[in-house]
């Protein structure tokens, strides 16, 4: 019966003239309540992306069937509407309308001038930061670290010793740690790296992970990111700020009264108060 209802509705839509297929086109009627094309359009607009990417026919059938079932169930619920249901409906309506307004605000176009201004605000005063490229060999004891340093002083290859002896995850990669900046490594390790010249090998460095022998491969100054690299983040930040500003404006303009009541806040858990 469910498949027949959805199929019949689809056949009716396909048989209707194209000009008649507007948002008010009726796709199904359940207990006298009409389900229209507009209902499906509004529903799909709120679906997660993975559902909206479904083929049109699959999406159409699934949404129509869901709305038909929901209306049939809702009709039964209206027959036994409780105070808790009524209040829940009010909360859902309030939340839906508020979310819809916030969505409209977030979708308003953000111009290039605003993005450029935000970029200058966030990154305009950012100084270039020093980044370090280092490798290390991690061993369990200071004695083992000293033995490695002796081998390195004798001309041994750092990467090869790392592959042979390092117990850290970077060992198979010759101890290479890649680029990092201040605050990204544990303090003793970071202090040792910052004290090295390029190509210099440290003495044994102890951290909570064990003993390290470190070589500083090179350093560089990292400038602030280009505007295109952070455009998406800037736009997201501007949208959030716009929404927060609008929330504050609407809340400030509303007539809000908060009567002083000697109130037991624990009552919010007492669903017995909602019983008819």
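The values are calculated or read from the model by the stated rules, or taken from the named source; none is laboratory data. Worth saying up front: this structure is predicted, and the values here are computed from it rather than measured. Ideal geometry is used to build each Cβ from the backbone, glycine not excepted, and the neighbour counts take in all protein chains shown.
Observations on the model:
- Per-region count, the stretch 107-146, residues surrounded by 14 or more Cβ atoms within 10 Å (Cβ to Cβ) and either over 15 Å from residue 238 (Cα atoms) or in the same structural domain as residue 209 (by TED's automatic domain parsing) (or both): 13
- Selection from the stretch 129-152 of residues that are part of a helix (DSSP H, G or I) and touching a residue at least 12 places away in the same chain (Cβ under 8 Å): 142, 144, 145, 146, 148, 149, 152
- Residue within the stretch 212-228 that is over 27 Å from residue 128 (Cβ atoms) and either surrounded by 12 or more Cβ atoms within 10 Å (Cβ to Cβ) or at pLDDT below 95 (or both) present: yes
- Flag: residue 206 matches the condition of being part of a strand (DSSP E or B), surrounded by fewer than 15 Cβ atoms within 10 Å (Cβ to Cβ) and over 30 Å from the mean Cα position of the chain (by Cα).
- Of all the criteria given as (1) outside the structural domain of residue 29 (by TED's automatic domain parsing); (2) over 20 Å from residue 193 (Cα atoms), the one not satisfied by residue 63 is (1).
- Any chance residue 198 is within 30 Å of residue 233 (Cα to Cα), outside any helix (DSSP H, G or I) and either more than 30 Å from the chain's Cα centre (by Cα) or not assigned by TED's automatic domain parsing to the domain that holds residue 216 (or both): no
- Residue list for the stretch 110-122, filter: under 21 Å from the mean Cα position of the chain (by Cα) and not in a helix (DSSP H, G or I): 110
- The number of residues in the stretch 231-276 being in contact with a helix residue (DSSP H, G or I) (Cβ under 9 Å, 6 or more places away or on another chain) and over 30 Å from residue 112 (Cβ atoms) comes to 6.
- Residues satisfying the stated conditions in the stretch 39-50, i.e. surrounded by 14 or more Cβ atoms within 10 Å (Cβ to Cβ) and assigned to a helix (DSSP H, G or I): 39, 40, 43, 44
- Of the set (1) in contact with a strand residue (DSSP E or B) (Cβ under 8 Å, 6 or more places away or on another chain); (2) in a helix (DSSP H, G or I), all apply to residue 214 but (2).
- Screening 68, 122, 126 for residues that are touching a strand residue (DSSP E or B) at 6+ places or on another chain (Cβ under 8 Å) and in contact (Cβ under 8 Å) with a residue 60 or more places away in the chain leaves exactly one candidate, 68.
- Test for residue 183: is it surrounded by 12 or more Cβ atoms within 10 Å (Cβ to Cβ), in a loop (DSSP other than H, G, I, E, B), at pLDDT below 95 and out of contact with any helix residue (DSSP H, G or I) (no Cβ under 7 Å at 6 or more places or on another chain): no
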